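Engineer: The structure follows.
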Amino acid sequence: MMSKQHLAFLALALAALLAAPAFLKTYGLYLLTLWLVYVIAALGLNLTVGYAGLKSLCHAGFMGVGAYTVAIMMKAGFSFWLASPLAILLCFVLGLLIGFPALRVQLHYLGFATLGFNLLLVLFFRNEEWLTGGTFGIQNIKRPELFGFAFDGNAPFFYFVLLITVVAGVALALLLRSPWGRAFAALRDNPIRAESTGVNITAYTLMSFAIGAAYAGIAGALFAPLVNFIEPAPFGIANSLLFLMMVVVGGSGRFYGPVLGAAIALLLPEYLRFLKDWYLAVFGFAAVAMMIWLPGGLLSMRETWLLAKSKRDAKRQATPSGAEAA
Amino acid sequence: MTDFLQLLLSGVATGAIYAMAALGFTLLWQAAGTINFAQGEFVMLPAFAMLIGLSFGLPLWAAFLVAVVLSVAVLGAVFKRWIVDPMRGSGVVAVVVATLGLSIGLKSVVKAGYSAEPHPFPSVFGEEVFKLAGVTVSYADVGALLFAGLMVLGLQTFLNKTVTGRAMQAVAQNTFSAEALGINVKRMIFYTFAINAILVAVTALLITPTYLAKFDMGDNIGLKAFFAAIIGGFNNSRGALLGGVIVGVLENLAGAYLTPAYKDGVALLLFLVVILLKPDGLLGTPQERKV
Amino acid sequence: MSILTVHDIKKSYGAIKAVDGVSFDVKPGEILGVIGPNGSGKTTLFNSILGQIKPDSGRVEFEGVDISGNSPLEMSRLGIGRTFQNLQVFGKLSLRDNLIAAAQEFHGSFWGRMFAPPDNGIGHRADEMIDLFRLKHVANLPAGSLSYGQQKLVDIAMAFMPAPRLVLLDEPCAGVNPSLVDGLRDLLLELNRQQGGSFVVIEHNMDFVMKLCHRIVCMVEGKVLAVGKPEEIQNNRAVLEAYLGN
């Protein structure tokens, strides 16, 4: 159950986001919308990586599949409302297809298989010019319309993305609270034990992977109309690694971890522009340092500190008696 | 036919280079349980070290030696001492994430601190070609093949025939028994990191003329090395050689006869086929599940 | 009819015959002990029965059906539970969640569980188990943070959560404070009485096995040395020699 503080925090955050368009200029609002899109994708990856414990390195690729599907279908005259569910479904199915062979064998192969698959997707986006426009990409992707109302302006589209983010977040929270969530955690914590207690490892692993991919599909479907122009670059391996870092830096297996992680990876660099490319370098090395000292991510800071403190206290208490014994 | 032979030869040469990166990757995994996702960047860094050396007017051989020394110090000792050692006991996932972070960090440092552009890189063996029974052969291919082949064979001999090499293998197979036998486990593990550091420096020397020195050149090389290692057998160091050569040859042939656009996808498809049919790789030995 | 029949299991590692032709059966409701010195092949036998490793030859039947070669998942689905020698709990889940996780997959369908209430309707069963094992005060702590003895109890409680018809216990006393061993034995007897399943217990602690089991199989060097009631085993010359001889 949610605590009062949790509810109050959520209400406050939502109110701030609802009010944000009134205070932000075009670029600021665009960034905030982009952040929400990344949050959706990272929430999905957190399910795969943080809750089910799988290494998935193809998230940007799945996001690309979502974005290209929507862009291509809308260019062909289909509605966004038909294109986006199809895009999400396609990502889900691709997630199942790529997960299956790797899982039949060994879990850590999934990391390599997904990395390679991402490479293959980028090659496809780049080479199949007839479909994807190759390196020139697809331009002038329209924003969706509903009953004659177009989410054309930046604020209406922001509210639309915010709504989808909240719905996607609530759906994920419900999934994690259901017995499925427990099965995911069981398979992350101890796959051997999980199997001996009737948890179908293959089925749950594939589902966590495919649902994660579907979330990337949602993000991609929103990304295309947000930026109006897509090309292969944002869907490459580098961004897949960045997605993984977002989840891990924020705190993998913590619901708000990816929300924080996406902010650090996307919003913070905007304010640290003077750092330019160095920012990513710092980000990468910070992730290394974090794995050494704070493997649970930023949101685990308090717990890690408390644990260290209780250990210190225990030591301090143990020392005098130990000295006497000696 | 001559085309085919030419492709085959250059494929074997490229494959032998992949094999070196793959070999280092397997050795690290065996000895220290480290899956190094930054292996590609470990190839990229010595390439830039040599480039900087060249820009100071050093001849290529001298720049190479400097790069090897730096590589052993930084990618061997510092990497082990500061990153791998403190993470002992945190599990494979933490190491994977850390090396991925390292990969991002190293790429960005080179991009921000040096250049985002690709730089041409001289070949040790020159640009000339010669004709052999109607087949055009480049000195670079032959040289790369010989150099890489010698490295791999030399390493095999070292691992199998010398006391130190055998001790390293013992550590890789069973750390506890090795320690009980009085082997200096820490030193052997360091040797493994040092050997990997030398291997990546040689890989950089041989592959950069074709790949060009670029901050993200490691993406491709790292991936090929992973796949070659797994195709050949993750727990077998001869497997890395076989896997590398298979990947090199097949992607060269596929690039010429099927489609050049998807050349880089060949390794992935091979990998998928191999893990479905022979999960432990072509030369790997089956591992029983630990309960 | 026997609930479990083990027929001529063999498993070698290189030249070492870890299990060398072991056969026995377990009757409904029976508690069968498997004892033997270190390295006598008990754990290998156990893992062979449970499908964790593949024996070189031999057959295992559960209620007359051949289950050799079944995966651990299929075993659990048939109603065969197990505990582990080394701790195997879901470290980050709470104790109560560990218990629910151990049985939730036996209720409802895979897709149905996506929309089921969080405890999948078995929360009360978990609470009963928590009471029976006297773990109420730590029920909401992460299982990984509990003491060794407590985790051991969680491990055992998890095996019994789905009310399996056969439970294989791998050294339930190992690492448990000696003063708690009697309590553990009473607990297992109580579970046997309440749920009526059959147990196979691998154990080093002779006293524990003698007071718990109906029948005992003694293994030495991969072979069955003797089978019989506790008092028969206790007075068996060969068994005594095997234990005291080395």
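Engineer: Loop only per DSSP, at most 13 neighbouring Cβ atoms within 10 Å: give me the trypsin sites (Lys or Arg not before Pro) in region C:96-154, ordered by residue number.
Structural biologist: Within region C:96-154, the qualifying trypsin sites (Lys or Arg not before Pro) (loop, at most 13 other Cβ atoms within 10 Å) are C:Arg134.
Engineer: For region B:138-265, how big is the tail of P(r) above 23 Å, as a whole percent of Cα pairs?
Structural biologist: Summing the P(r) of region B:138-265 above 23 Å gives 41 percent of all pairs.
Engineer: Using the structure shown, list the pairs from C:Lys17/C:Lys152; C:Lys92/C:Lys136; C:Lys42/C:Lys229; B:Lys161/B:Lys278; A:Lys276/B:Lys214; C:Lys10/C:Lys42 with a Cα-Cα distance above 23 Å, or answer none.
Structural biologist: The answer is C:Lys17/C:Lys152; B:Lys161/B:Lys278.
Engineer: Sequence-distant or interchain residues sharing an amide H contact under 5 Å with A:Phe229, placed H: which?
Structural biologist: A:Ile141
Engineer: Taking a ≥ b ≥ c as the square roots of the eigenvalues of the Cα gyration tensor of region C:88-162, is the shape rounded (a/c under 1.5), prolate (a/b larger than b/c) or oblate?
Structural biologist: prolate
Engineer: Place the peptides B:145-155, B:118-128 in order of packing, highest mean first, counting for every residue the other Cβ atoms within 10 Å and averaging per peptide.
Structural biologist: B:145-155, B:118-128
Engineer: Here is a further query. Give me the aspartates and glutamates in straight-line cross-link reach of A:Lys25: C-alpha distance below 19 Å, same-chain residues under 8 apart excluded.
Structural biologist: Result set, ordered by chain and number: A:Asp152, A:Glu270.
Engineer: Rounded to the nearest 20 debye, what is the charge dipole size of region C:88-162 about its Cα centre when +1 sits on each Lys and Arg Cβ and -1 on each Asp and Glu Cβ?
Structural biologist: The calculation lands at about 140 debye.
Engineer: How much mean residue ellipticity at 222 nm does the protein assembly as shown get from its helices, if each DSSP H run of length 4 or more adds -39500 (n - 2.57) and you divide by all residues, to the nearest 500 deg cm²/dmol?
Structural biologist: Rounded to the nearest 500, it is -20000 deg cm²/dmol.
Engineer: Is the shape of region B:2-277 best called rounded, prolate or oblate, per the rule: a/c under 1.5 gives rounded, else a/b larger than b/c gives prolate, else oblate, with a ≥ b ≥ c the square roots of the Cα gyration tensor eigenvalues?
Structural biologist: Judged from the Cα gyration tensor, region B:2-277 comes out prolate (a/c at least 1.5, a/b above b/c).
Engineer: Quick one: which residues, 5+ away or cross-chain, put their amide H under 5 Å from the amide H of C:Leu4? H built at 1.01 Å from N.
Structural biologist: Sorted by chain and number, the residues that satisfy this are C:Val26, C:Glu63.
Engineer: For region A:74-90, in order, what is each residue's ³J(HN,Hα) by Karplus, 6.51 cos²θ - 1.76 cosθ + 1.60 with θ = phi - 60°, in whole Hz (x at glycine and Pro)?
Structural biologist: Rounded to whole hertz, the list is 5, 5, 7, x, 7, 6, 4, 6, 8, 5, 5, x, 5, 4, 5, 4, 4.
Engineer: To test your reading of the geometry: what angle, between 0 and 90 degrees and rounded to tens, separates the Cα axis of helix A:4-23 from the longest principal axis of chain A?
Structural biologist: So the helix axis and the longest Cα principal axis differ by about 30 degrees.
Engineer: What's the average, rounded to a whole number, of partner chain beta-carbon atoms within 10 Å of each residue's beta-carbon in B:219-226?
Structural biologist: The mean count of partner-chain Cβ atoms within 10 Å per residue comes to 3.
Engineer: Let me ask you something else. Given the C-alpha centroids of region A:236-276 and region A:138-183, what is the distance between them in whole angstrom?
Structural biologist: 20
Engineer: Highest mean first, what order results for B:42-48, A:21-27 on Cβ atoms within 10 Å?
Structural biologist: Result, highest mean first: B:42-48, A:21-27.
Engineer: When B:Lys214, A:Lys309 are ordered from fewest to most other Cβ atoms inside 10 Å of their Cβ, what list results?
Structural biologist: The fewest-first ordering by Cβ neighbours comes to A:Lys309, B:Lys214.
Engineer: OK, next. Of the options B:Tyr257, B:Val97, A:Phe125, report the single residue whose Cα projects farthest towards the positive end of the charge dipole of the protein assembly as shown (beta-carbon charges: Lys, Arg +1; Asp, Glu -1).
Structural biologist: Positive-end residue among those listed: B:Val97.
Engineer: On to the next question. What dipole magnitude, in Debye to the nearest 20, does the protein assembly as shown give about its Cα centre under +1 on Lys/Arg Cβ and -1 on Asp/Glu Cβ?
Structural biologist: 1120
Engineer: If you don't mind, another one. How many angstrom separate the Cα center of region B:1-57 from the Cα center of region B:107-186?
Structural biologist: 7
Engineer: Continuing with this model, one more query. What angle, in degrees between 0 and 90 and rounded to the nearest 10, separates the Cα long axis of helix C:123-132 from the longest principal axis of the Cα atoms of chain C?
Structural biologist: 50
Engineer: Using θ = phi - 60° and the Karplus form 6.51 cos²θ - 1.76 cosθ + 1.60, what ³J(HN,Hα) does each residue of region C:45-62 get, whole Hz, x for Gly and Pro?
Structural biologist: Couplings: 4, 4, 5, 5, 4, 7, x, 6, 10, 9, x, 5, 7, x, 9, 10, 10, 10 Hz.
Engineer: Let me ask something else. P(r) for the protein assembly as shown: what percent of alpha-carbon pairs falls in each 10 Å bin, starting at zero?
Structural biologist: 2, 11, 19, 22, 20, 15, 8, 3, 1, 0
Engineer: Order of A:Arg193, C:Arg215, B:Arg166, A:Arg312 from fewest to most other C-beta atoms within 10 Å? Intermediate results must be reported in sequence, preceding the final value.
Structural biologist: On the way: A:Arg193 24, C:Arg215 18, B:Arg166 14, A:Arg312 10.
Ascending Cβ contact count within 10 Å gives the list A:Arg312, B:Arg166, C:Arg215, A:Arg193.
Engineer: What number do you get for region A:9-293 when its Cα radius of gyration is normalised by 2.2 N^0.38 Å, N = residues?
Structural biologist: 0.98
Engineer: Return the long-range amide H neighbours of C:Met219 (sequence gap of 5 or more, or a different chain), with a cut-off of under 5 Å between placed amide H atoms.
Structural biologist: Under 5 Å from the amide H of C:Met219 lie the amide H atoms of C:Ile35, C:Gly36, C:Leu225, each far enough along the sequence or on another chain.
Engineer: Ok, one more. Which whole-Hz ³J(HN,Hα) couplings does region A:29-38 yield from phi under the Karplus relation 6.51 cos²θ - 1.76 cosθ + 1.60, θ = phi - 60°, glycine and proline marked x?
Structural biologist: Each residue of region A:29-38 in turn: 5, 4, 4, 5, 5, 4, 4, 4, 4, 5 Hz.
Engineer: What average number of partner chain Cβ atoms lie no more than 10 Å from the Cβ of the residues making up A:233-243? Before the final figure, lay out each step's value.
Structural biologist: Numbers: counts 0, 0, 0, 2, 6, 6, 0, 1, 8, 2, 0.
Across the residues of A:233-243, the mean count of other-chain Cβ atoms within 10 Å is 2.
Engineer: Here's another thing I want to ask about it. Would you tell me the mean number of C-beta atoms belonging to other protein chains that fall within 10 Å of each C-beta in A:290-302, as a whole number?
Structural biologist: Details: counts 4, 15, 9, 1, 0, 7, 0, 0, 0, 0, 0, 0, 0.
Per residue, the average neighbour count from other chains is 3.
Engineer: With the Cα gyration tensor of region A:193-288 giving a ≥ b ≥ c as the square roots of its eigenvalues, does the rule (a/c under 1.5 for rounded; else a/b larger than b/c for prolate; else oblate) give rounded, prolate or oblate?
Structural biologist: It comes out oblate by the Cα gyration axes.
Engineer: Can you give the angle from 0 to 90° between the axis of helix B:39-55 and the longest principal axis of chain B, with both taken from C-alpha atoms, to the nearest 10?
Structural biologist: 60
Every read-out reported here was derived from the displayed coordinates using simple, explicitly stated rules and does not represent laboratory data. Everything quoted here is computed from the prediction, not taken from an experiment. Note that we place each Cβ from the backbone using ideal geometry, even for glycine, and neighbour counts take in every protein chain shown.
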